[in-house]
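The values are calculated or read from the model by the stated rules, or taken from the named source; none is laboratory data. Keep in mind that this is a model prediction, so the values were computed, not measured. Using ideal geometry, Cβ is built from the backbone for each residue, glycine included, and neighbour counts are taken over all protein chains shown. For the accessible areas, the whole protein counts, side chains as well, though only heavy atoms, and no ligand, DNA or RNA atoms are used. Shrake-Rupley method; radii C 1.70, N 1.55, O 1.52, S 1.80 Å.
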Amino acid sequence: MRKLTAALALTFVPLLAVGCSSSGSDSVSKSDVQTKATSFYKDKSHEDAKTVTCDGSLPAKVDATQTCTATSADGQTWAIDAKVTKVDGKDVYYDLTLTDAFVAPDDVASSVSNFYQSKVGAAPQSSTCNGLLRGATGSTIRCVVTESDGTRWGVTAKTTNVEGSKVNYDMIVDDQPMP
């Protein structure tokens, strides 16, 4: 396989997670929101964040919000908003959402796999990506395609532009297989 490129587009769909905390006060603690935001980021990006910090505690009032910031392995920062949806006695229910446009790693990996199959004529053994592909021109993530014989190829997914909720990106396969 040589250096190949393809243009793809995926629609940005905000990812959402629901959190629930029991609080004995008028708020959910900063540390509890940070813990849930950390798990949320890992679940969505397939990588551990270097750090996750929140501005403060989350008031136990419907529609109250708090912003957290996750710093990815490559140093990018991602805003995660927490918004209270329900308060039931001591239980506070809230949603977590990533606010920036992005393409999830599983979606990029699926596109990489389809791209590989269209160019080679056979499906790869696997295709994996880690990290979120930001919906900003020039942003990249790395993926790995593994062929049926175990040969691995590096693939870079690079955002070319964003049109509304559609993130357009190219895939560039390395010139040589990975060691």
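So that you can scan it fast, the table gives a plain yes or no per residue for (1) touching a residue at least 24 places away in the same chain (Cβ under 8 Å); (2) surrounded by fewer than 17 Cβ atoms within 10 Å (Cβ to Cβ); (3) of a type outside the set (A, V, I, L, M):
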{"site": "Gln66", "(1), (2), (3)": "yes, no, yes"}
{"site": "Ala70", "(1), (2), (3)": "yes, no, no"}
{"site": "Ala73", "(1), (2), (3)": "yes, yes, no"}
{"site": "Val84", "(1), (2), (3)": "yes, no, no"}
{"site": "Lys90", "(1), (2), (3)": "yes, yes, yes"}
{"site": "Ala104", "(1), (2), (3)": "yes, no, no"}
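Every condition in (1) out of contact with any helix residue (DSSP H, G or I) (no Cβ under 7 Å at 6 or more places or on another chain); (2) open to solvent by less than 40 Å² (accessible area, probe 1.4 Å); (3) not in a helix (DSSP H, G or I) holds for Thr160 except the one numbered (2). Just give me the residues in region 87-109 being modelled with pLDDT under 90 and of a type in the set (Gly, Ala, Ser), in sequence order. Passing the criteria: Gly89, Ala101.
Matching residues to (1) farther than 30 Å from Ala60 by Cα; (2) open to solvent by 30 Å² or more (accessible area, probe 1.4 Å):
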residue: Leu98; (1), (2): no, no
residue: Asn130; (1), (2): yes, yes
residue: Leu133; (1), (2): yes, no
residue: Asp149; (1), (2): yes, yes
residue: Asn168; (1), (2): yes, no
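Within region 40-62, the set of residues being open to solvent by 70 Å² or more (accessible area, probe 1.4 Å), out of contact with any Lys or Arg (no Cβ under 7 Å at 6 or more places or on another chain) and either among the charged types (D, E, K, R) or at pLDDT below 95 (or both) comprises Lys42, Asp43, His46, Lys50, Asp55, Lys61. Being in contact (Cβ under 8 Å) with a residue 24 or more places away in the chain, hydrophobic (A, V, I, L, M, F, W, C), closer than 19 Å to Glu47 by Cα and not in a loop (DSSP other than H, G, I, E, B) is a condition met by no residue of region 113-124. For region 164-175, the count of residues that are without any contact (Cβ under 8 Å) to a residue 24 or more places away in the chain and acidic (Asp, Glu) is zero.
When Val112, Val145, Val173 are checked against the criterion of being over 20 Å from Asp48 (Cβ atoms), open to solvent by less than 10 Å² (accessible area, probe 1.4 Å) and modelled with pLDDT of 95 or more, a single residue qualifies: Val145. Here Asp43, Asp81 are screened, and the one residue that is in a helix (DSSP H, G or I) and among the charged types (D, E, K, R) is Asp43. Of all positions in region 17-36, none carries a residue that is at pLDDT 95 or above, open to solvent by less than 40 Å² (accessible area, probe 1.4 Å), under 20 Å from Asp107 (Cβ atoms) and not in a helix (DSSP H, G or I).
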